[in-house]
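The values are calculated or read from the model by the stated rules, or taken from the named source; none is laboratory data. All values reported here derive from a predicted model rather than from experimental measurement. For neighbour counting, all protein chains shown are included, and Cβ atoms are generated from backbone atoms with ideal geometry for every residue, glycine included.
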Amino acid sequence: MSTHGTEPDNIVPFQQPKPPSGFPGVPMKSELVERAAEVVPDPQILINMVSKRVQQLNTGRSPLIDTVPSMGAADIALTEIIEGKIRRVEPAK
């Protein structure tokens, strides 16, 4: 039996709860990504830094920069990297 785009009655779609955040869910600004890439040239490291900082911001950590209401958590993280407020620490050898 084909449902042609409709879901069977016994399937309930699962939606993962989104953690509450004080920051709007807006996409990052590409200009900020480009400027942060000048500070952290390795894209994998930059992604990890931004991801970790966004997680911190979304769980209640305060921004280290002055923000405006239109800034999302990723914009804040990128701006903190650009301004040198957060940086990568080299592991001890």
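Observations
- Residue within region 40-52 that is among the basic types (Lys, Arg), surrounded by 11 or more Cβ atoms within 10 Å (Cβ to Cβ) and touching a helix residue (DSSP H, G or I) at 6+ places or on another chain (Cβ under 8 Å) present: no
- Restricting attention to region 54-84, the residues that are more than 20 Å from ASP42 (Cβ to Cβ) and assigned to a loop (DSSP other than H, G, I, E, B) total 14.
- Flag for GLY25 being modelled with pLDDT under 95, exposed (fewer than 10 other Cβ atoms within 10 Å of the Cβ), on the phi > 0 side of the Ramachandran plot and assigned to a loop (DSSP other than H, G, I, E, B): no
- Odd one out for PRO17, checked against (1) modelled with pLDDT of 85 or more; (2) out of contact with any Asp or Glu (no Cβ under 7 Å at 6 or more places or on another chain): (1)
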